[in-house]
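Inspection log for the structure reproduced underneath, given as structure tokens.
The values are calculated or read from the model by the stated rules, or taken from the named source; none is laboratory data. Here the structure is a predicted model, which means the values were calculated and not measured. Here the Cβ positions follow ideal geometry from the backbone for every residue, glycine too, while neighbour counts run over all protein chains shown.
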Amino acid sequence: MCGIVGAVAQRDVAEILIEGLRRLEYRGYDSAGLAVVDTAGNLQRIRRLGKVQELADAAASAEPAGGTGIAHTRWATHGEPSEVNAHPHMSGADIALVHNGIIENHEALRELLIGRGYEFHSQTDTEVIAHLVEWELRSASSLLEAVQKTVAQLEGAYGTVVMDRRQPERVIAARSGSPLVIGLGVGENFLASDQLALLNVTRRFMFLEEGDVAEITRREVNIFDVAGQPVSREIHESNLQHDAADKGQYRHYMQKEIYEQPSALINTMEGRLSGHSVVVESIGSGAKEILQQVEHIQIVACGTSYNAGMVARYWFEAMTGVSCDVEIASEFRYRKFVTRPNSLLITLSQSGETADTLAALRLAKEKGYMAAMTICNVAGSSLVRESDLAFMTRAGTEIGVASTKAFTTQLVTLLMFVTALGKEKGLIDGERETEIVNTLHALPTQIEKALAFDKPIEQLAEDFADKHHALFLGRGEFYPIAVEASLKLKEISYIHAEAYAAGELKHGPLALIDADMPVIVVAPTNDLLEKLKSNIEEVRARGGLLYVFADSEAGFEASEGMKIITMPQVDELIAPIFYTIPMQLLSYHVALIKGTDVDQPRNLAKAVTVE
């Protein structure tokens, strides 16, 4: 959930560390801090409550100088957001440490260390690691050995980086359940929790695997596996743009990412659609053989990715006849489940590091799934490396905490995969495949048309200025779109929002309806439209305030208490993706009116790498 940056170089690294934190601020923004070993061999530590700019201002005054340093931006788990709980944490005057993750046995370790005479200055689980390293260093032959002995005592998830002011030529990194990447330079090396932090200093990266401990100096990187044996990790060349984190002409990252969706979808489809067909081989080596054997799909995901999976369930069963279950990863991994024969596990994740989803993948490997595929946006992430197939969404860097283009690119990727599966199972013929592919090719242009509704939706958002609750309704595959829309609104505007399958109104939610409760309905023309109209009448009869997003063929007319937002008519297949856009715009503009932090909403962070 937090961001880590580290460096071992000849030049002063404080500015590099702070710039890296800026690029990782979407991962946590409760507090930030850095520590640098200066030329006199002293640790200079600066910590500040709040965003990275607060740290940058403090560093500009203190002018920390040194070639070895670590930095961190925090999303609080243990201990409230405060300067004393901010990283780096220290043990005495020598050891400084940053950490992502949760140490589950921290209470027992704290008691052990108190018994050894250590004093604790924070409420965090991280401080126990610093004191353990200091303790082990008393008998260990090196900082590397001390860290290896320390991590053997930890239970839980961690990505941690340690330095000792007495050994300023090196830092030690350890990874278990929380990602770390090493950036390779010339006469200098770096590390971070995300390669995005380092793109301004290097494009060559190594990803640490589970259980790895690495010793990093200016000229060498030595990696040891969980058994303590030396290992080598593949070097990857990144083609990400270093300015991907710039807002450009846009006011917010979320706004930028909403408007990037037409080009993002083109990137998603590039090379996957050939003429009038889906290129099955683009899914990965061996995909054709796997698809031919699939009899069941199990989708596991969290948050927005879970909502994408819920839409795909309708596609899988309607278009291929293959049964599909969708489950929240944090539930799936902790319940006893039955693995169906020839079942394919599909994990969905923007970051590829979502802790619960990653744990579900590892569990599924033990439970007899025939294969595992991930649909992910980050090459080199843990889900990508550990899955049999990786179907990349190619959304580009997404900084806004509230996911937008990652969601729509996941839907397009899933729709291409559904088509490929139906094709290999003999349930989608050439004519139908051509129809699907042509519809997908037209989607970016349709999204441009949806974006053209920005101004009318901005005006509509003014109706929500004094609202504290909202209800979203949809039927069929538009029910999960309503769920996603309600999630966006609550994430960034802090309006309490719920979503229901419209047919469920009479089973309880109607009790909520009054003139102060906006009810937003996703109502394109389809086989369920007449049923949905009946549900709308149930709301109208009880004085509800309705906002209906429908196409011109749906036959709605505005009236007192009911506003109609008439959208262009689009193919029924891609309509769930299309109607996502006005829902994103609505949430964005309501948040602006409410005056909230659109890109960094309170209590949330982008990459959820803890349980």
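Residue pairs whose Cβ atoms lie under 8 Å apart, sitting 6 or more positions apart in sequence or on different chains, and linking a residue in region 448-471 that is crowded, with 16+ Cβ neighbours inside 10 Å to a partner that is at pLDDT below 95 and acidic (D, E), are K467/D516; A470/E498; L471/E498. Residues that are within 22 Å of K288 (Cα to Cα) and hydrophobic (A, V, I, L, M, F, W, C) do not occur anywhere in region 441-455. Scanning region 204-225 for residues that are in contact with a helix residue (DSSP H, G or I) (Cβ under 9 Å, 6 or more places away or on another chain), farther than 27 Å from R11 by Cβ and of a type outside the set (F, W, Y) yields E209, E210, G211. Listed conditions (1) in a helix (DSSP H, G or I); (2) touching a helix residue (DSSP H, G or I) at 6+ places or on another chain (Cβ under 8 Å); (3) modelled with pLDDT under 95 are all met by V384, apart from (2). Highlighted here are the strands (runs of 3 or more DSSP E) found entirely within region 26-141 that include at least 1 residues which are charged (D, E, K, R): 43-49, 68-74.
Residue-by-condition table, conditions (1) under 29 Å from the mean Cα position of the chain (by Cα); (2) within 30 Å of V279 (Cα to Cα):
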residue: H441; (1), (2): yes, yes
residue: D454; (1), (2): yes, no
residue: F464; (1), (2): yes, no
residue: S486; (1), (2): yes, no
residue: S493; (1), (2): yes, no
residue: I513; (1), (2): no, no
residue: V521; (1), (2): yes, no
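Summed over region 410-433, the residues that are in a helix (DSSP H, G or I) and farther than 13 Å from V311 by Cβ give a count of 11. Can you tell me which residues in region 560-607 are part of a strand (DSSP E or B) and within 19 Å of L471 (Cα to Cα)? Residues satisfying the conditions are M562, K563, I564, I565.
Here is a yes/no grid of residues against (1) surrounded by fewer than 20 Cβ atoms within 10 Å (Cβ to Cβ); (2) outside the structural domain of D571 (by the TED database); (3) within 21 Å of M310 (Cβ to Cβ):
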position: E491; (1), (2), (3): no, no, yes
position: I495; (1), (2), (3): no, no, no
position: L505; (1), (2), (3): no, no, yes
position: T525; (1), (2), (3): yes, no, no
position: N535; (1), (2), (3): no, no, yes
position: A541; (1), (2), (3): yes, no, no
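State yes or no: is K405 surrounded by 17 or more Cβ atoms within 10 Å (Cβ to Cβ), among the basic types (K, R) and within 21 Å of the chain's Cα centre (by Cα)? So K405 passes the test. Residues that are crowded, with 19+ Cβ neighbours inside 10 Å, of a type in the set (G, A, S) and under 17 Å from F472 (Cα atoms) within region 545-574 comprise just one, A550. Among the residues of region 184-203, those identified as closer than 21 Å to D246 by Cα and in contact with a helix residue (DSSP H, G or I) (Cβ under 8 Å, 6 or more places away or on another chain) are A192, S193, D194, L196, A197, L198, L199, N200, V201. Put simply, of A93, A58, A76, A65 the only residue that is closer than 27 Å to P601 by Cα, in contact (Cβ under 8 Å) with a residue 24 or more places away in the chain and assigned by the TED database to the domain that holds R138 is A76.
In this entry, G555 passes the filter for residues that are over 30 Å from S349 (Cβ atoms), part of a loop (DSSP other than H, G, I, E, B) and touching a Leu at 6+ places or on another chain (Cβ under 9 Å).
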